[in-house]
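The values are calculated or read from the model by the stated rules, or taken from the named source; none is laboratory data. The structure presented is a predicted model; accordingly, all values stated were derived computationally and were not measured. Cβ coordinates were reconstructed from backbone atoms using ideal geometry, including for glycine residues, and neighbour counts include every protein chain displayed.
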Amino acid sequence: MTRAIRLELNGTEVAAVAEGGENLLSLLRGRLGDTSPKAGCLQGTCGACTVLVDGEPVVACLMLAEAVDGRRVTTVRGLADGPRLHPLQEAFMDGFAAQCGFCTPGMLMAAKALLDREPQPTREQVIEAIAGNVCRCTGYTPIVDAILEAARRMAGRRGRVEG
Amino acid sequence: MPLEVRTTSTLSEAASLLQAERTARFLAGGTLLMRAVNEGDVSFSTIVRTTDPAFGRMRAAGGRIELGAGVTMAQILASRELAFLHPVARAVGGPAVRTMATVGGNLFAAHPYGDFATALLALDARLQLASGFGVREMALEEFLQARERGPRQLVTAVSFERPSDPTAFRFRKMTRTHPKGAAVVTIAALVPASGGRVSAARVALGAMAAQPIRARAIERALEGRPLTAEGVAAAVAAAAREGDPPTDALASAWYRRRVVGVVLRRLLLGEV
């Protein structure tokens, strides 16, 4: 049994047909051609498929696709502003916060959810925010550093705009 | 094989569907059921879900707290009135799982999961259950004992008394990975003290049996004792005799029996 749904994907209205019991990750990757969220464990354990639904982080592999009908989905593909990378992406690049890169999309979205809520997080808050994201290269220290660096850069830009 | 998804606007409709169709399963947050779908579980062919606003409603202001079964761990973490439950909600998954995982779903989480259920057991929670015939109440402890073979009913809400002294409620989860991991042992305790002595303690253990259990020997050993190293010694000794701990990839039954008393002592004495 299929169901027609509409959602806002990275700022664009899209229509899709979800198969009965299909998960959001499969809908994004297989039907909407957005392969930026990664399929890791399909158990909600690794966090590689983390996306935002109405601004909140979810593991797309465990979300029923049709449950996002009428909602706003943001993936890492929607993070950059045209050719301009998001400060998180820049900080990850500058700080070599990716080794194999498979966990990076999920890390970026988990970090985005944190910075949207808490623009000046502590190191502990960053560690807690990516607690559900596994990096099997074990490069956690540069990842945490990069998120803190992105927060600093974003605060600097806001300061310049306001000043 | 594609599944049939039935979305109902009311909880009672959902309960009727579940009762009528033996191959139907209820979807709340999805962290358990969608995992089963992904793993190719063919024991069900229909998913029932609901958009009933009552399912996600919280009444947290008064002395009697009521949580709709669809309330998520993230909702609990966002409630200042439920600050005493924040360590419990934070013990469940990472942030992306907490956005989805529900209070009701946690009651069905198989070993080694079910940390929130363990806390609710220490709080003497009662459940509201809906079936095709109406609504009834049941103690969580009774529900957990019959979880695997119970009748097909839908948990719609849980309720419990707010601890009059928030420091009387204690929670600790021992994991092998930090800050997130599945439980080696989880302990939730309500240890109200009058005149420096524990009175009417309720202690619940997670990951020490197939489902969260009340630890009555620990409770008896605490009665009338002060929360000092000497006062808790009998309870700590009793801990090793509680439950029937499973052996799994995280810990052996032997290890769980050895360590549960250590975790209990640290919890009761407030040690790191």
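Worth a mention:
- Where a residue in the range A:95-106 is more than 12 Å from A:Val76 (Cα to Cα) and its partner, wherever it lies, is among the charged types (D, E, K, R), with Cβ under 8 Å and at least six apart: A:Gly95/A:Asp145; A:Gly95/A:Glu149; A:Ala97/A:Asp145; A:Cys100/A:Arg136; A:Phe102/A:Lys38; A:Phe102/A:Arg136
- Scanning the range A:1-19 for residues that are under 22 Å from B:Arg35 (Cβ atoms) and surrounded by 20 or more Cβ atoms within 10 Å (Cβ to Cβ) yields a single hit, A:Ala18.
- Members of the range A:50-71 found to be in a strand (DSSP E or B) and in contact (Cβ under 8 Å) with a residue 40 or more places away in the chain, listed by number: A:Thr50, A:Val51, A:Leu52, A:Glu56, A:Pro57, A:Val59, A:Leu64
- One residue from B:Thr51, B:Thr118, B:Thr99, B:Thr72 being more than 14 Å from chain A (Cβ to nearest Cβ) and hydroxyl-bearing (Ser, Thr, Tyr): B:Thr118
- Residue ID - surrounded by the fewest Cβ atoms within 10 Å (Cβ to Cβ), chosen from residues in the range A:122-132 that are more than 7 Å from chain B (Cβ to nearest Cβ) and within 19 Å of A:Gln99 (Cβ to Cβ): A:Val126
- The number of residues in the range A:101-111 being more than 11 Å from every other protein chain (Cβ to nearest Cβ) and touching a Gly at 6+ places or on another chain (Cβ under 9 Å) comes to 3.
- Residue in the range B:241-255 that is closer than 22 Å to B:Leu140 by Cβ, of a type outside the set (Asp, Glu) and outside any loop (DSSP other than H, G, I, E, B) present: no
- If you go through the range B:1-32 and keep only what is under 20 Å from the mean Cα position of the chain (by Cα) and without any contact (Cβ under 8 Å) to a residue 60 or more places away in the chain, you end up with B:Arg25, B:Leu27.
- Odd one out for B:Leu85, checked against (1) under 22 Å from A:Pro57 (Cβ atoms); (2) not in a helix (DSSP H, G or I): (2)
- Looking across the range B:215-241, the residues that are surrounded by 18 or more Cβ atoms within 10 Å (Cβ to Cβ) and touching a strand residue (DSSP E or B) at 6+ places or on another chain (Cβ under 6 Å) come down to B:Ala215, B:Ile218, B:Glu219, B:Leu222, B:Arg225.
- Scanning the range A:130-159 for residues that are touching a residue at least 24 places away in the same chain (Cβ under 8 Å) and among the β-branched types (Val, Ile, Thr) yields A:Ile130, A:Val134, A:Ile143, A:Ile147.
- Residues in the range B:82-96 that are of a type outside the set (Gly, Ala, Ser) and either away from chain A (no Cβ under 12 Å) or surrounded by fewer than 24 Cβ atoms within 10 Å (Cβ to Cβ) (or both): B:Leu82, B:Phe84, B:Leu85, B:His86, B:Pro87, B:Val88, B:Arg90.
- Of all residues in the range B:6-47, those being aliphatic (A, V, I, L, M) and either closer than 22 Å to B:Ala96 by Cβ or assigned by TED's automatic domain parsing to the domain that holds B:Ala109 (or both) number 8.
- Residue in the range B:71-81 that is modelled with pLDDT of 95 or more, closer than 17 Å to A:Gly21 by Cβ and crowded, with 19+ Cβ neighbours inside 10 Å present: no
- When residues of the range A:112-121 are limited to those that are among the charged types (D, E, K, R) and either under 11 Å from the mean Cα position of the chain (by Cα) or in a helix (DSSP H, G or I) (or both), the one nearest to the other protein chains (Cβ to nearest Cβ): A:Arg117
- Residue within the range A:27-49 that is touching a residue at least 60 places away in the same chain (Cβ under 8 Å), more than 14 Å from chain B (Cβ to nearest Cβ) and not in a helix (DSSP H, G or I) present: yes
- When A:Leu88 is tested against the conditions (1) buried (at least 24 other Cβ atoms within 10 Å of the Cβ); (2) at the interface with another protein chain (Cβ under 9 Å from one of its Cβ atoms); (3) not β-branched (Val, Ile, Thr), the lone failure is (2).
- Output for the range B:121-139, where each listed residue is under 23 Å from B:Thr50 (Cβ atoms) and either touching a strand residue (DSSP E or B) at 6+ places or on another chain (Cβ under 6 Å) or of a type in the set (Val, Ile, Thr) (or both): B:Ala125, B:Arg126, B:Leu127, B:Gln128, B:Leu129, B:Ala130, B:Val135, B:Arg136, B:Glu137, B:Met138
- B:Ser164 vs. criteria surrounded by fewer than 20 Cβ atoms within 10 Å (Cβ to Cβ), in a strand (DSSP E or B) and of a type in the set (Ser, Thr, Tyr): no
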